[in-house]
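Structure first, then comments.
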Amino acid sequence: MTEPEAHGDRNGAAGDNEAPRRGSPVVRASLLAYLLLIVYASWYPFTGWRSNGLPLLSFMNLVKQRYWTGFDVMVNVVGYVPLGILLALAMYPLVRGVWAALLAAILGFLVSGTMEAVQNFLPSRVPSNLDLLTNAAGAFIGACIGPLLARGLLDQGRLYRIRKRWFAPHASQGLVLLALWPLAQIYPQSFLFGHGQVLPIISGWLSTWFEEDIDLIAMLRPGPAMSVEQFWLSETIITACGMTGAALTLLCLLRRGAPRYTLMLLMLAAALVMKTLASSLLFRPDNAFVWVTPGAEGGFLIGLIMLAGLAFAPQLAQRRLAVVTLVLSLIVVNTIPANPYFTLTLQGWVQGKFLNFNGAAQFLSLLWPFFALWFLLLPSHKLNRN
């Protein structure tokens, strides 16, 4: 072995043992996504903004809260644990160990304080010192856990090696996006995988603004009411295109040696399990499979057939077809009226303690396809030919 080769081997071995000089894009993208969810859940429903005349930080006192439940405390603590973990991991390797835990805990406290302070301007929300303390406690717990996980997850862990072996270099933001897709199924939707139904929301805003009934869907689709068969056909298209677009987004991020069918089926299974659990929890256990309709079944079968043929297509073709199917799903889901059967089912939906949680779930359901299109159309993406 020549001297340069030996020198290169020594550098390579040393490089394997050294911590990476750059942080993890996946962790930082996950942190951004989680912060957005916290903001949406904390300030939902974003209406009626006004000042209540109280000092901005009046909730920061030692007065004991009169109304609280163990459920509220548990949710507040658990909800901020991932934030503390992600904050500590996002600072790695620049800040590590005790300093990372301390800084992550302080940042978590500041995030919680900001969420509570802004609630002073929302009539439907009440800032609380108990919420601040429990959120900060959750962030502190996560901040202590994060540094312990950093090296195993980001330097030398099995997940890190799988990420390098199975996924393309540009896949970081896409992995976070795909991890959120099963969670987007939590919010009740008129159609299976029918995300991005924004026109009813915009219609409501316009109706409030102009103080008259405005229905954008009716304007885009004048004429007689849709028949049952037309609803079924629409749901078939929405289901097939929604699942195909999401699965193709995953497939175009994979290297050639990755287990494509296994990963794709696991993602679809996670979405269906989440949908079933959410339907059972938000409605009643006997409504766990209320989403299983003839249109959904037909669309799911068509989507599986399409994905079976496209699993090993060129990445450029997969990405373009993902854009086409997501756009088609958005067009159809925003141009058909509300399903009468689904509207009847919603009457049994009691949000109760899950109001904030459902606000974050609605955020995912509405905006997931738009985030996916943004990611798929990024000009910085390069085809992975490995």
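The values are calculated or read from the model by the stated rules, or taken from the named source; none is laboratory data. Note that the coordinates shown come from a computational prediction; the quantities given were computed from them, not determined experimentally. Cβ sites come from the backbone with ideal geometry, for glycine too, and all protein chains shown count toward neighbours.
Matching residues to (1) surrounded by 22 or more Cβ atoms within 10 Å (Cβ to Cβ); (2) of a type in the set (A, V, I, L, M); (3) in contact with a Cys (Cβ under 8 Å, 6 or more places away or on another chain); (4) not assigned by TED's automatic domain parsing to the domain that holds L307:
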position: E229; (1), (2), (3), (4): no, no, no, no
position: T236; (1), (2), (3), (4): yes, no, no, no
position: T239; (1), (2), (3), (4): yes, no, no, no
position: G242; (1), (2), (3), (4): yes, no, no, no
position: A246; (1), (2), (3), (4): yes, yes, no, no
position: L253; (1), (2), (3), (4): yes, yes, no, no
position: T262; (1), (2), (3), (4): no, no, no, no
position: L265; (1), (2), (3), (4): no, yes, no, no
Q.
Within the stretch 36-50, does at least one residue satisfy the condition of being assigned to a loop (DSSP other than H, G, I, E, B), modelled with pLDDT of 75 or more and not aromatic (F, W, Y)?
A. yes
Q) Among the residues of the stretch 351-372, is any modelled with pLDDT under 90 and not in a helix (DSSP H, G or I)? A) yes
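Let me confirm something: among A269, A225, A311, A258, which residue is of a type outside the set (F, W, Y), surrounded by fewer than 20 Cβ atoms within 10 Å (Cβ to Cβ) and without any contact (Cβ under 8 Å) to a residue 40 or more places away in the chain? Can you show your working first?
Working: A225 fails: without any contact (Cβ under 8 Å) to a residue 40 or more places away in the chain; A311 fails: without any contact (Cβ under 8 Å) to a residue 40 or more places away in the chain; A258 fails: without any contact (Cβ under 8 Å) to a residue 40 or more places away in the chain.
One residue alone meets the criteria, A269.
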**Q.** The listed residue being assigned by TED's automatic domain parsing to the domain that holds P55, closer than 19 Å to V27 by Cα, in a helix (DSSP H, G or I) and in contact with a Gly (Cβ under 8 Å, 6 or more places away or on another chain), out of Y80, Y92
**A.** Y80
(Q) Cβ-Cβ distance below 7 Å, separation of 6 or more or different chains: which pairs start in the stretch 76-98 with a residue that is hydroxyl-bearing (S, T, Y) and end on one that is surrounded by 21 or more Cβ atoms within 10 Å (Cβ to Cβ)? (A) Y80/G108; Y80/S112; Y80/N135; Y80/G138; Y80/A139; Y80/G142; Y92/A100; Y92/A150
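Of the residues L272, L281, only one is within 14 Å of Q185 (Cα to Cα), at pLDDT below 80 and under 23 Å from the mean Cα position of the chain (by Cα); which? Break it down into steps so the answer makes sense when it comes.
Working: L272 fails: at pLDDT below 80.
Of L272, L281, the one residue that is within 14 Å of Q185 (Cα to Cα), at pLDDT below 80 and under 23 Å from the mean Cα position of the chain (by Cα) is L281.
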Q: List the helices (runs of 4 or more DSSP H) that sit entirely inside the stretch 123-189 and contain at least 3 residues that are of a type in the set (A, V, I, L, M), within 22 Å of L83 (Cα to Cα) and not assigned by TED's automatic domain parsing to the domain that holds Q362.
A: 129-150
Q. In the stretch 219-270, which residues are farther than 18 Å from I302 by Cβ and in contact with a His (Cβ under 9 Å, 6 or more places away or on another chain)?
A. C252, L253
Q | Residue list for the stretch 186-206, filter: of a type outside the set (A, V, I, L, M, F, W, C) and within 18 Å of I38 (Cα to Cα) | A | Y187
**Q.** Failed condition for S234, given (1) farther than 25 Å from R221 by Cα; (2) at pLDDT below 90
**A.** (1)
Q. Quick check, is R10 more than 30 Å from I141 (Cβ to Cβ) and either at pLDDT 65 or above or not assigned by TED's automatic domain parsing to the domain that holds G113 (or both)?
A. yes
